[in-house]
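This report refers to the structure that appears directly beneath it.
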Amino acid sequence: MVLTDAEQWHRTVSDWRRLYDLEPKGMFKAVLDGREVGVAAAMTYDNVCWIHSVIVRKDLQRSGIGSVLVKRCLEFARSRGVSTVKLDSVGGCEPFYERLGFVREFDSFRFFGKGVASSNHAELIDRSDLEEVCSFDKRVTGLDRQRVLASIYRDAPALAHLIRVQGKLRGYLLGRWGDDRIQIGPCVVYPDRSSYAKQLLSAVIKDNNGWDVRACVPGLNPKAKTLAEKIGLKMVGTATRMYQGTELRETPSVYVMISPEKG
């Protein structure tokens, strides 16, 4: 928490607990003279590994600690037999990751604000809907993310919504409570219609009790960026999605990514 607070990531204890429970053997720390000076973590699902939470104390950055941590995560990925490793680079760290063999894939955008809700026909996801939602997500994204989605839903069912059209599931959205904000993600729709995504986002904004919302929007879906702007969110930052190994193309049906640490 000390390291993430120093970076103003607004990560909560619940966030860390969720990440640990999902991949306890994928978390690593750097210790120097008895002090914890860095952290990095990796999470696998299906045939992909996500490296995340790479932080080194500011006074020890550019000392090689970050490289050691990322390489340890890559060793973990190899031990799991995945063919693709991905991450989100922030703060101009792309050259650092490129030296470690990563390739730039696409930009992503961080949006923030209270937003403006419109009418919607979204409904809360019931626990009995979860299997259908996970199956829908796998069909659209090509990845089995069931255990990740289930963990997010378990912690915040009141933020989980879906939309049906003539009885057929056409999209869903999950969210998480932060320290002073709601972290939206993922939001996946199919067919790729921004009107479905707008209704899902409006459902959360309408019931957010005045909280700000934050969303990580993939640059490979221009309609997602346009929609975020239309509903009154403001772009507050950018990141670069990068990969190593086999290129794994992502679908434009994603309007909001899960998060930088989960893809």
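A few notes on this one:
- Mean separation of Cα contacts under 8 Å, 6 or more apart, over the residue count of the stretch 111-256: relative contact order %: 32
- Residue order for D179, D129, fewest other beta carbons within 10 angstrom first, comes to D179, D129.
- Among the listed pairs K168/K206; K138/K225; K58/K223, those beyond 29 Å (Cα-Cα): K58/K223
- Ratio of Rg to Rh over the chain (Cα coordinates, Kirkwood Rh, two decimals): 0.96
- Rounded to 5, the percent of DSSP beta bridges in the chain classed as antiparallel: 90
- Only Lys, Arg (+1) and Asp, Glu (-1) charged, at Cβ; the stretch 101-159 dipole about Cα centre in debye: 260
- The stretch 111-256: proportion of alpha-carbon pairs further apart than 23 angstrom, %: 30
- Given +1 at the Cβ of Lys and Arg, -1 at the Cβ of Asp and Glu and no other charges, the dipole of the stretch 63-140 around its Cα centre is 460 debye to the nearest 20.
- Contact order normalised by residue count of the chain, Cα under 8 Å, 6+ apart, percent: 24
- Helix 146-155 vs. the chain, principal-axis angle (Cα, 0 to 90°, nearest 10): 80
- Bins of 10 Å, starting at 0 and running to the largest distance - Cα pair percent for the stretch 2-106: 14, 48, 35, 4
- Working from label points 7 Å from Cα in the Cα-to-Cβ sense, the D179 to M235 distance is 2.7 nm.
- For the options S119, S202, S83, a Gaussian network treatment of the chain with springs between C-alpha atoms closer than 10 Å singles out S119 as fluctuating the most.
- Set the Cα radius of gyration of the stretch 127-200 against 2.2 N^0.38 Å, with N its number of residues, and you get 1.05.
- Free of any trypsin sites (Lys or Arg not before Pro) that DSSP assigns to a loop and that have at most 12 other C-beta atoms within 10 Å, the longest stretch within the chain is 63-248.
- Selected from G219, G245, G178 as most flexible by GNM, with the chain as the system and alpha-carbon contacts under 10 Å: G245
- Rounded to 5, the percent of DSSP beta bridges in the stretch 150-227 classed as antiparallel: 75
- Going by neighbour counts of Cβ atoms within 10 Å, the residues M242, M235 line up, fewest first, as M235, M242.
- Separation of alpha-carbon centers, the stretch 215-258 and the stretch 76-138, rounded to whole Å: 8
- Here each label is just a point 7 Å from Cα along the line to Cβ, and for E132 and V68 those points are 5.2 nm apart.
Throughout, read-outs are computed from the coordinates displayed, never taken from laboratory work. Worth saying up front: this structure is predicted, and the values here are computed from it rather than measured. Note that each Cβ is placed from the backbone with ideal geometry, even for glycine, and that neighbours are counted across all protein chains shown.
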